[in-house]
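Read the structure below first, then the notes.
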Amino acid sequence: MMLLISSPAGAGKTSLSRRLVADHSELRLSISATTRAPRPGEEEGREYYFKTRDEFEAMIARGEFLEYATVNGNYYGTPKQPVLEALEAGHDVLFDIDWQGAAQIAEKQPDDSVRVFILPPVWSDLERRLRARAQDSDEVIEARLRLGREEIAHWTAYDYVIVNKNFDRAYADLGHIYRAERIKPGRNPWLPGFVDGLLGE
Ligand code: 5GP
């Protein structure tokens, strides 16, 4: 199962996603590649794989991305190999990606994709959270807010929408979504054999 989570920057998507992955050993986080510069505190291979434009374009040419998109003038993309390996090993994969990437993956693999959108309770919350991070300049924050409006315009394409008014509540909702989707019969290929065994006892 591929859990695709999108939101405008500052709505809490990254904290919610990382906590869900930390709390579920069967769920793996997809680490994206990007051409944007690392922010203070970000580490190669933990938040992103940081690439030059040339490196990124070479990866595109080699067909190494499951999806990629341009966000705010930078490339962002999901390397295919680690995702396929995780899925083959029986793990679920969580993607913290924008609407363009979520749409591309959901189109390719509709049955395996679950899309969740995170909204802020009020618009001023986004600005406050972006400023509180103190990682970006005013200009960058303005651009991210503009981009947030574009991102929100795509909310109707998602299977679930969580308004992140309270982190614990929003996290509980996300956990319920994950759990309910995980126990759908189609996602548990062992079930028919299990039922056969049950009836054969
Ligand atoms: P940020 O620069 O704040 O880390 O990310 C900017 C936006 O790019 C966020 O909405 C984030 O979810 C999105 N993003 C991160 N990785 C990917 C990716 O691999 N593909 C796509 N399409 N979007 C991504």
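Odds and ends about this structure:
- Taking the range 1-70 and the strands (runs of 3 or more DSSP E) fully enclosed by it, the elements with 1 or more residues that are open to solvent by 70 Å² or more (accessible area, probe 1.4 Å) and in contact (Cβ under 8 Å) with a residue 40 or more places away in the chain are at 27-29.
- Test: Glu67 is among the charged types (D, E, K, R) and more than 10 Å from the ligand (Cβ to nearest atom): no
- Considering Asp23, Asp98, Asp92, the condition of being modelled with pLDDT of 95 or more and in contact with a Ser or Thr (Cβ under 8 Å, 6 or more places away or on another chain) is satisfied by Asp98 alone.
- Check on Arg131, surrounded by 13 or more Cβ atoms within 10 Å (Cβ to Cβ), at pLDDT below 95, away from the ligand (no atom under 14 Å from the Cβ) and not polar (S, T, N, Q): yes
- The single condition from (1) free of Cβ contacts under 8 Å to residues at least 60 places away in the same chain; (2) farther than 25 Å from Pro38 by Cα that Gly175 fails is (1).
Table: residues versus (1) open to solvent by 40 Å² or more (accessible area, probe 1.4 Å); (2) within 12 Å of the ligand (Cβ to nearest atom); (3) under 30 Å from Ile183 (Cβ atoms); (4) without any contact (Cβ under 8 Å) to a residue 24 or more places away in the chain.
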{"residue": "Tyr75", "(1), (2), (3), (4)": "no, yes, no, no"}
{"residue": "Thr78", "(1), (2), (3), (4)": "no, yes, yes, no"}
{"residue": "Pro82", "(1), (2), (3), (4)": "yes, yes, yes, no"}
{"residue": "Glu88", "(1), (2), (3), (4)": "yes, no, yes, yes"}
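- Test: residue in the range 37-48 that is touching a Lys or Arg at 6+ places or on another chain (Cβ under 9 Å) and over 25 Å from Ala132 (Cβ atoms): no
- Counted residues, the range 56-85 - those being over 12 Å from Ser32 (Cα atoms) and over 15 Å from the mean Cα position of the chain (by Cα): 13
- Any hit, the range 115-126, residues being open to solvent by 70 Å² or more (accessible area, probe 1.4 Å), farther than 30 Å from Lys184 by Cβ and part of a helix (DSSP H, G or I): yes
- Which listed residue, of Asp98, Asp111, is open to solvent by 10 Å² or more (accessible area, probe 1.4 Å) and within 15 Å of the ligand (Cβ to nearest atom): Asp98
- Helices (runs of 4 or more DSSP H) wholly inside the range 134-201 containing at least 2 residues that are over 20 Å from Gly12 (Cβ atoms) and of a type in the set (Asp, Glu): 138-152
- The residue list Asp138, Asp159, Asp173 contains one member that is open to solvent by 50 Å² or more (accessible area, probe 1.4 Å), more than 17 Å from the chain's Cα centre (by Cα) and not small (Gly, Ala, Ser), which is Asp138.
- Val122 being more than 14 Å from the ligand (Cβ to nearest atom) and in contact with an Asp or Glu (Cβ under 6 Å, 6 or more places away or on another chain): no
- Among residues of the range 20-43, those that are under 17 Å from His91 (Cβ atoms) and more than 9 Å from the ligand (Cβ to nearest atom), counted: 10
The values are calculated or read from the model by the stated rules, or taken from the named source; none is laboratory data. All of these numbers come straight from a predicted model, not from anything done at the bench. Positions of Cβ are backbone-derived with ideal geometry, glycine not excepted, and every protein chain shown enters the neighbour counts. Please note that ligands, DNA and RNA were not included when accessible areas were found on the heavy atoms of the full protein model with its side chains. Shrake-Rupley method; radii C 1.70, N 1.55, O 1.52, S 1.80 Å.
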